[in-house]
Amino acid sequence: MVFLTYNDAPDGVYLSQVIDVCNYLEDTFKERVRLIAFVSLRDFFVQKEKIRFAYSDSVVLPMFPGIENWKMNLLRLKLHLLFRKKEKVITRGVFASLLALKCKKFNKVCFDARGAYEAEWPEYLKDFSPTLVAKMKDVEKEALMKSNFRIAVSQKLVDYWKENYGYQSLEHVVIPCTIDSNKAEYDNNAAPAIRKLFGVKDNEVLLVYSGSSAQWQSFKKLEEAISTAFSKNPNIKLLMLCKPGGEKALADKFPEKVIQAWVKPQEVPAYLSAADYGLIIREPSVTNKVSSPVKFAEYMAAGLPVIISEGIGDYSAFVKEKNCGMPVDSVDWAKLQCNSERERIKEVAKTYLTKSACKEQYRKVVEF
């Protein structure tokens with residue numbers, strides 16, 4: 001089996017949702033998985049080294065410049081596969097799927113859909129390639145309908161397929177973004193030292209935002225919620241684990257309350273464990289409605305209840321059903337106290353948000 005990715009940088013999400021999946025399929029089902037990754041010419045050799053180091057059974061190929069020129073990579077893919085027998089392939093995203101479908105060197109294609117592409121491009125990505133926005137409906141429809149099998153990150157995404165494309169097949173599984181196997185056991189021993197380092201007292205409630213400054217992260221909505229929280233409760237502080245960027249305005253507005261840190265991926269679990277609640281506060285959009293934020297699983301693995309907006313994939317309902325957080329609009333900030341349910345939340349994460357919890361779904365992917 002092959003796992004094909006296109007224009008994905010080897011960041012923390014890639015390691016968790018691609019490399020870790022390859023390892024899981026090999027370890028659990030004894031299925032050899034070869035990773036073929038098309039990456040940008042920019043920093044090509046750096047990215048190649050990172051991917052090869054993370055997963056030895058991988059081939060890293062340079063993309064033809066310009067994401068809208070995805071078809072120009074077809075020849076390179078065909079040449080790489082020229083003397084190989086036909087096999088099954090998991091394809092991450094619409095462009096990888098179309099490359100695989102047009103290559104004819106794969107006998108079956110599993111479309112690993114990470115979101116609602118037709119919605120995401122006009123909502124958040126139009127500046128990357130305005131020419132692709134008008135084409136994205138046809139691109140997504142072809143990837144969805146012509147693939148032999150599909151992975152959806154949420155049931156909400158399957159509902160989106162039905163509503164927008166008349167999708168009626170049962171040839172799919174729902175697998176949310178799961179915890180990286182290397183981070184499944186979060187160690188809380190470093191938490192007191194980290195809180196002390198940041199000057200967070202034992203009676204203070206530490207919220208954490210961990211993620212990028214991408215537009216769908218909705219920093220304006222986050223700022224509104226945090227401003228209310230700070231005004232209602234003087235014991236609340238916020239830790240922001242993200243690259244310096246969009247969050248700077250919030251840090252400048254509340255210099256005594258907002259702590260900024262950018263740490264190595266392997267250090268993130270310890271910093272999350274130092275917090276009391278994880279934040280996923282986003283604006284209402286189709287992109288967010290069908291999403292499965294990887295940080296949700298990471299917050300839960302650290303034992304953090306999640307304060308979440310309504311309409312975030314399947315997770316807004318999950319929080320209510322499993323009593324593992326609260327909708328942001330219902331939080332009584334004045335009465336919010338330090339987290340006392342860390343171990344119970346960890347158990348919920350182990351039960352529902354690990355790759356082993358999705359074993360039967362992955363089995364269907366291997367056997368499609």
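The values are calculated or read from the model by the stated rules, or taken from the named source; none is laboratory data. Please read these numbers as outputs of a predicted model, since none were measured by experiment. Virtual Cβ from ideal backbone geometry, glycine too; neighbours counted across all protein chains shown. Just so you know, the surface numbers come from the protein's heavy atoms only, side chains and all, with ligands and any DNA or RNA stripped out. Shrake-Rupley method; radii C 1.70, N 1.55, O 1.52, S 1.80 Å.
Could you list, in sequence order, all residues of region 3-32 that are small (Gly, Ala, Ser) and either surrounded by 22 or more Cβ atoms within 10 Å (Cβ to Cβ) or closer than 17 Å to residue 176 by Cβ (or both)?
Those that are small (Gly, Ala, Ser) and either surrounded by 22 or more Cβ atoms within 10 Å (Cβ to Cβ) or closer than 17 Å to residue 176 by Cβ (or both): 12, 16.
Between 92, 52, 84, 76, which is within 13 Å of residue 3 (Cα to Cα) and basic (Lys, Arg)?
Checking each option against the conditions leaves just 92.
Where residues in region 158-187 are surrounded by fewer than 16 Cβ atoms within 10 Å (Cβ to Cβ) and modelled with pLDDT under 95, which of them is farthest from residue 111 (Cα to Cα)?
Filtering first and then ranking leaves 187.
Taking residue 200, is it open to solvent by less than 30 Å² (accessible area, probe 1.4 Å) and either modelled with pLDDT of 95 or more or among the basic types (Lys, Arg) (or both)?
Yes.
Would you please list the contacts, defined by Cβ atoms under 6 Å and residues six or more apart or on different chains, that run from a residue in region 114-132 that is in contact (Cβ under 8 Å) with a residue 60 or more places away in the chain and farther than 25 Å from residue 176 by Cβ to a residue that is open to solvent by less than 50 Å² (accessible area, probe 1.4 Å) and among the aliphatic types (A, V, I, L, M)?
Listed pairs, sorted by first residue: 129/67.
Which condition breaks for residue 52 when tested against (1) under 19 Å from residue 16 (Cβ atoms); (2) touching a Pro at 6+ places or on another chain (Cβ under 6 Å)?
Just one mismatch for residue 52, condition (2).
Suppose we filter 283, 310, 298, 267 for residues that are touching a helix residue (DSSP H, G or I) at 6+ places or on another chain (Cβ under 7 Å) and either assigned to a helix (DSSP H, G or I) or of a type in the set (Phe, Trp, Tyr) (or both); which single one remains?
298
From the residues in region 294-351 that are among the basic types (Lys, Arg) and surrounded by fewer than 22 Cβ atoms within 10 Å (Cβ to Cβ), which one is nearest to residue 225 (Cα to Cα)?
Selected residue: 335.
Is there a residue in region 86-93 that is more than 25 Å from residue 54 (Cα to Cα) and at pLDDT below 95?
yes
Scan region 114-127 and tell me whether some residue there is within 19 Å of the chain's Cα centre (by Cα), at pLDDT 90 or above and closer than 15 Å to residue 2 by Cβ.
The answer is no; no qualifying residue exists.
Just need a number here: residues in region 52-99 that are charged (D, E, K, R), buried (at least 16 other Cβ atoms within 10 Å of the Cβ) and not in a helix (DSSP H, G or I).
2
Is it the case that region 267-290 has a residue that's free of Cβ contacts under 8 Å to residues at least 40 places away in the same chain, under 16 Å from the mean Cα position of the chain (by Cα) and open to solvent by less than 30 Å² (accessible area, probe 1.4 Å)?
Looking for residues that are free of Cβ contacts under 8 Å to residues at least 40 places away in the same chain, under 16 Å from the mean Cα position of the chain (by Cα) and open to solvent by less than 30 Å² (accessible area, probe 1.4 Å), one finds at least one in region 267-290, hence yes.
Out of region 100-135, which residues are surrounded by 15 or more Cβ atoms within 10 Å (Cβ to Cβ), of a type in the set (A, V, I, L, M, F, W, C) and not in a strand (DSSP E or B)?
Those that are surrounded by 15 or more Cβ atoms within 10 Å (Cβ to Cβ), of a type in the set (A, V, I, L, M, F, W, C) and not in a strand (DSSP E or B): 100, 101, 103, 116, 119, 121, 125, 132, 133.
Do we have residue 178 as touching a Leu at 6+ places or on another chain (Cβ under 7 Å) and not basic (Lys, Arg) here?
So residue 178 passes the test.
What number of residues within region 240-264 are open to solvent by 90 Å² or more (accessible area, probe 1.4 Å), assigned to a loop (DSSP other than H, G, I, E, B) and modelled with pLDDT of 80 or more?
The total comes to 3.
Please work out which one of (1) at pLDDT 85 or above; (2) assigned to a helix (DSSP H, G or I); (3) surrounded by 16 or more Cβ atoms within 10 Å (Cβ to Cβ) is the condition residue 193 fails and give its number.
Residue 193 satisfies every listed condition except (3).
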